[in-house]
Structure formats: C-alpha cells, structure tokens
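Read the structure below first, then the notes.
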Amino acid sequence: MARYDYDLFTIGAGSGGVRASRMSARYGARVAIAEDRDLGGTCVNVGCIPKKLLVYASAFRRDVEDAAGFGWSAPPPSHDWRTLIRNKDAEIARLNGVYARLLDEAGVQRIAGRARLVDAHTVAVGRETFTAEHILVATGSWPTLPAIPGIEHAISSNEAFHLGALPERPIVAGGGYIAAEFAGILHGLGARVTQVYRGPLFLRGFDDDVRSHLAHEFRRQGIDLRFDSAVVRIDKASDGALHATLADGSVLEADAILFATGRHPLTQDLGLEDAKVELLASGAIRVDEYSRTSVPSVWAIGDVTNRINLTPVAIHEGMCLAATLFDGRPTRPVHVNVPSAVFSQPAIGAVGLTEARARARYGAVDVYRTAFRELKHTLSGRDERTLMKLVVDAASDRVVGAHMVGDHAGEIIQGIAIALVCGATKAQFDATVGIHPTAAEEFVTMREKVAPA
Ligand SMILES: Cc1cc2nc3c(=O)[nH]c(=O)nc-3n(C[C@H](O)[C@H](O)[C@H](O)COP(=O)(O)OP(=O)(O)OC[C@H]3O[C@@H](n4cnc5c(N)ncnc54)[C@H](O)[C@@H]3O)c2cc1C
C-alpha cells in the first residue's frame with residue numbers, strides 16, 4: 001500500500017504545471033493536477049496565444065496598406081471585433097480540450113477546484129484532501145493594478161481579451177512588453193492609442209538602442225507616447241467617457257484604460273504559511289536551483305517563482321523538475337541566454353546581454369549595429385527601419401548579445417539564440433554565409449564596429 005495518494009500533486013494547470021505533470025507521469029509517477037480555472041493557464045487563456053492572434057489580426061491593416069505599392073487596390077478595409085473575439089475564443093476552447101486530452105492520455109488525474117496546502121504532504125481541494133510525496137506549486141501570476149482613485153473603471157490584460165467592442169480612444173498604462181504589445185494591437189485595429197509610462201523610456205531591461213528605436217517607430221505610426229507620466233486618477237463621466245488625470249495634472253479622455261503595469265506571483269491564500277513555505281520580499285516563492293522550496297517536499301516553478309516569466313521557461317523548469325524527481329537525473333533549469341520577443345509592431349527579438357550589461361560584465365565590448373529599410377518597403381513606401389545589433393566580448397570574440405527590431409524578429413532571434421548557446425564567436429558569425437535577400441542576413445554581414453561614444 002502506497003504511503004501517499006500520489007507521487008506528485010501539482011497545483012495549477014498552466015504552462016509549467018501541465019508539462020511537469022505530464023513528464024512525471026511519463027516517468028512512471030502517479031500524478032494529480034488541480035486547476036480552478038481553464039486548463040492551459042495564462043498563456044493559453046489570457047496570454048501568449050490570444051495575444052498573438054490579436055497581433056496577427058491587427059497586422060492585416062499594414063499588409064493592405066503595403067499592398068498598394070505592389071499594384072493591389074481594394075476598398076478601404078473594415079474590421080469586425082466581435083468576429084475576431086468569437087474566433088479567438090473558439091480556438092482557445094479547442095486548446096483547453098487539447099490540454100485535457102494530453103493530461104488524460106498521460107494518465108494524470110485532473111481535479112477541478114481551488115487547491116490549498118494543508119501541510120508538507122497534504123493538499124485540500126474544496127472538502128477533499130489528498131496526500132502526495134511531492135507537491136508542486138505552479139500557480140502563476142496575476143495583473144497588478146495601482147491603488148488610484150477610480151481604478152475600478154480600468155481593465156487589465158485579462159479583460160482586454162474579452163471587450164465587447166474595440167475601444168476607439170484607449171489609454172494603455174505601463175511600459176513593459178504587454179503594454180507595448182497591446183498599444184500595437186489596438187493601434188493596428190484602428191484605435192487612437194495613448195501609451196503612458198512613468199519612466200523616461202519604456203521596455204526597461206531591453207537594450208537601450210532597441211527601446212529608443214521602437215519608441216521612434218511607435219511615434220512615427222501615430223501612437224501617442226507619454227513617458228515620465230502616470231495615470232493618477234480616473235473619473236467616469238455621465239456619458240460613460242473616462243477621464244484620466246495624469247501626474248502633471250493634464251486630463252486625457254478615453255473609452256478604455258488598460259493597465260499593464262506588472263504582475264505579482266499568485267501566492268495568496270494557498271496555505272503556504274501553514275506548510276512553512278518561505279517567500280521572497282517580492283512575494284515570489286523562494287526556490288533553490290532545482291526549484292525546491294524551503295520545505296523539502298514542496299517545489300515551485302514558473303511565474304510564481306518570478307525567475308524569468310515566460311512560457312518556455314516555465315515548461316523548461318517543469319521538464320527539469322520531472323527529470324529530477326522521477327527520472328533519477330537531478331537537473332537544474334538554465335536561465336541564461338533565454339531568447340525573448342516582444343510582439344509589438346515592429347517586433348523585438350533579443351537574446352543574451354544588452355550592451356550596458358555586457359559592458360558592466362566584460363568591460364571591453366565591441367558593438368555592431370545596422371538600421372536599414374527592408375526590401376519590401378522600397379515598393380510599399382512604408383517609412384520604417386529595421387534595427388539589428390550584436391554585442392561582442394572583445395577579449396574572447398564571443399557574441400554575448402543579439403538584438404533586433406523589425407518584422408519576424410522573434411523568428412530570426414530564435415535561430416541566433418542557438419549560436420549564442422553554442423558560444424559562437426563574431427568570427428563564426430562572419431564565416432556564416434547569408435541567405436539573400438533577407439533581413440536576417442544582416443546578422444552575418446555586419447563588419448563595422450560602432451565607434452565608442
Ligand atoms: C498578456 C500576456 C501575454 C504574454 N505573452 C507571452 C508570450 O508571448 N510569450 C511567453 O513566453 N510568455 C508570455 N506571457 C507569460 C506567460 O503567460 C507566463 O509566463 C506563463 O503562463 C507562466 O506559466 P505558469 O505555469 O507559471 O503559470 P500559469 O500559466 O499562469 O498557470 C497557473 C495556473 O494555476 C492556476 N491556479 C492558481 N492558483 C490556483 C489554486 N490555488 N488552485 C488551483 N489552480 C490554481 C491558475 O488558474 C492557472 O491556470 C504572457 C503573459 C501575459 C499576461
């Protein structure tokens with residue numbers, strides 16, 4: 001008779017929890033997973049997937065405009081938001097079903113409901129309790145909205161995916177990647193967007209050239225960027241209009257105010273104190289390099305640990321955990337050279353160190369940078385430039401950072417990331433033959449170092 005009901009009990013069926021559970025079951029473990037919302041977590045329901053579908057939707061306007069220079073003519077396009085949201089919802093429902101099937105096929109027991117730790121080996125879901133040798137907390141994160149007067153009139157990204165109509169004059173508050181992506185989505189679909197950010201330049205953490213290049217492109221498109229500013233108060237007028245008071249006292253009128261001002265780890269009301277699981281000052285669960293918490297039988301992965309909050313990272317942490325617990329291979333997740341994209345328009349792709357971080361770490365750094373008009377835009381007439389940048393450790397010649405702003409940046413940087421993981425040198429980039437005519441070939445043809453400032 002087994003000592004516990006399960007070998008692994010996972011709380012949260014999002015990106016990390018599902019993968020850890022499926023892999024653990026594949027290694028022979030008896031696994032259960034509890035979820036109190038829709039299967040697939042943030043990424044599938046209110047994150048990466050619906051977001052990218054909306055990005056695709058909004059990009060068609062550009063495509064139609066660009067087509068004119070190639071001889072196409074068409075009546076001015078119009079867009080139906082309800083069709084988009086209905087089709088998006090149908091696809092998300094299909095994915096929820098795929099997740100259910102994947103878990104069932106792996107033999108993972110699905111339990112619907114909100115789970116709570118009772119002690120180091122016990123979880124309660126509703127009135128039922130379950131015991132497990134190992135408990136995995138993979139509860140993700142949730143949008144953080146500031147406590148300003150009138151915040152109840154604002155929405156977060158969660159609600160933005162379910163609006164009844166496209167707002168005509170939205171304000172997007174925030175300077176992270178989600179804010180930049182929504183500014184692009186709403187602008188592309190035809191809204192007059194104002195983006196408000198409290199710092200001097202958005203997208204903190206990305207390379208400074210990338211940040212200023214995207215700001216320039218946003219402004220050129222007509223997105224009203226207000227940096228060094230913040231929404232400090234919201235009032236709703238009798239006609240339903242929203243009045244956003246900014247820190248300088250000016251007032252903007254809007255029909256929707258989307259706050260994308262950060263997310264916090266979902267650790268509240270989880271029973272973590274009862275089980276004596278320690279938190280960091282940020283509210284994230286403290287874990288060691290194998291994702292083990294302060295309680296030896298409790299583990300945590302994904303956004304709730306606030307390491308790198310991306311779906312592939314949560315999945316990677318889940319795979320490493322399954323190998324550690326049930327395949328006899330203690331495996332630490334790797335958090336360096338993690339590539340990422342911002343699906344702004346134009347998009348950002350980045351891997352490795354920014355120039356500033358590389359200078360801080362290596363001292364002597366060579367920088368290669370190019371900004372050019374893509375071939376397509378010679379006929380489309382679109383006044384947009386693509387930026388590419390390589391950061392090289394001068395002593396070893398290793399490429400330690402690659403950055404891009406331009407169409408397909410995520411697709412291109414994914415390949416470059418392999419080179420960085422392999423420790424490629426600038427000489428090896430130079431020895432690589434380009435694919436012509438592409439934008440990507442610029443990454444292997446940059447020869448002139450940027451003169452030090
Ligand atoms: C708008 C937006 C866009 C994004 N775009 C991208 C992108 O393009 N690329 C990318 O890589 N990442 C993106 N992300 C981030 C990505 O979604 C997260 O990093 C990822 O989902 C984290 O996975 P997770 O397993 O840690 O948590 P989640 O996927 O959030 O899953 C946690 C699950 O736990 C459940 N849960 C919580 N508490 C309990 C409880 N007590 N009992 C039972 N269940 C519980 C939740 O309901 C949820 O389903 C985006 C996020 C947002 C918000």
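Any read-out appearing in this document is the output of simple, stated calculations on the displayed coordinates, not a laboratory observation. Predicted, not measured: the structure shown is a model, and the values here were computed from it. Because the Cβ atoms are built from the backbone with ideal geometry, glycine has one as well, and the counts that use them run over all protein chains shown.
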**Asked** So which aspartates and glutamates pass the test for residue 236, namely a Cα distance under 14 Å, with those fewer than 8 places away in the same chain ruled out?
**Response** 152, 253, 255
**Cα centroid of the range 107-186 to Cα centroid of the range 31-53, whole Å** = 9 Å
**Prompt:** How would you rank 23, 388, 446, going from fewest to most other Cβ atoms within 10 Å of each one's own Cβ?
**Reply:** 446, 23, 388
**Prompt:** Could you name the lysines in cross-link range of residue 449, using Cα to Cα under 29 Å and dropping any fewer than eight places away on the same chain?
**Reply:** 376, 389, 426
**Asked** In what sequence, highest mean first, do 371-380, 66-75 appear when ranked by Cβ atoms within 10 angstrom?
**Response** 371-380, 66-75
**Complete:** For the range 79-210, percent of DSSP beta bridges that are antiparallel (nearest 5) comes out at 75 percent
**Request:** Please report 342, 123, 336, 304 as a ranked list, fewest other C-beta atoms within 10 angstrom at the top and most at the bottom.
**Result:** 336, 342, 123, 304
**Prompt:** Once Rh is set to the Kirkwood radius over Cα pairs, what Stokes-Einstein translational diffusion coefficient, in µm²/s, holds for the range 306-446 at a temperature of 37 °C and a viscosity of 0.692 mPa s?
**Reply:** 200 µm²/s
**Fill in**
So, with points 7 Å from each Cα along the Cβ direction, the residue 250-residue 418 label distance in nm works out to 4.8 nm
**Message:** Could you work out how much longer the chain between residue 165 and residue 372 gets when fully extended? Use 0.36 nm per residue separation minus the Cα distance between them, nm to one decimal.
**Reply:** 70.8 nm
**Asked** For the chain, what is the charge dipole size about the Cα centre, in debye to the nearest 20, if Lys and Arg each add +1 at the Cβ and Asp and Glu each add -1 at the Cβ?
**Response** 380 debye
**Request:** Round to the nearest 10 and give me the degree value, 0 to 90, for the angle of helix 15-26's Cα axis relative to the longest principal axis of the chain.
**Result:** 50 degrees
**Asked** How big, on average over all directions, is the shadow cast by the Cα convex hull of the chain, in nm²?
**Response** 25.2 nm²
**Asked** Which value in nm describes the separation of the simple spin-label points at residue 118 and residue 151, placed 7 Å from the Cα toward the beta carbon?
**Response** 3.5 nm
**Message:** So for the range 300-348, considering every pair of alpha-carbon atoms, how many percent are separated by more than 18 Å?
**Reply:** 39 percent
**Prompt:** According to the square roots a ≥ b ≥ c of the eigenvalues of the Cα gyration tensor, what is the shape class of the range 116-238, taking rounded for a/c under 1.5, prolate for a/b larger than b/c otherwise, and oblate for the remainder?
**Reply:** prolate
**residue 82-residue 335 FRET efficiency (beta carbon distance; Förster radius 56 Å; 0.05 resolution)** = 0.85
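Report the GluC sites (Glu not before Pro) located in the range 152-212 that are in a DSSP loop and have at most 15 other Cβ atoms inside 10 Å of their Cβ, or state none.
Details: sites: 152, 159, 168, 181; in loops: 168.
When the GluC sites (Glu not before Pro) of the range 152-212 are filtered for loop state and at most 15 Cβ neighbours within 10 Å, 168 remain.
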**Message:** Helix-only estimate, please: 222 nm mean residue ellipticity of the chain, summing -39500 (n - 2.57) across DSSP H runs of length 4 or more and dividing by its residues, to the nearest 500.
**Reply:** -9500 deg cm²/dmol
**Message:** Can you sort 393, 303, 288 from fewest to most other Cβ atoms within 10 Å of each residue's own Cβ?
**Reply:** 288, 393, 303
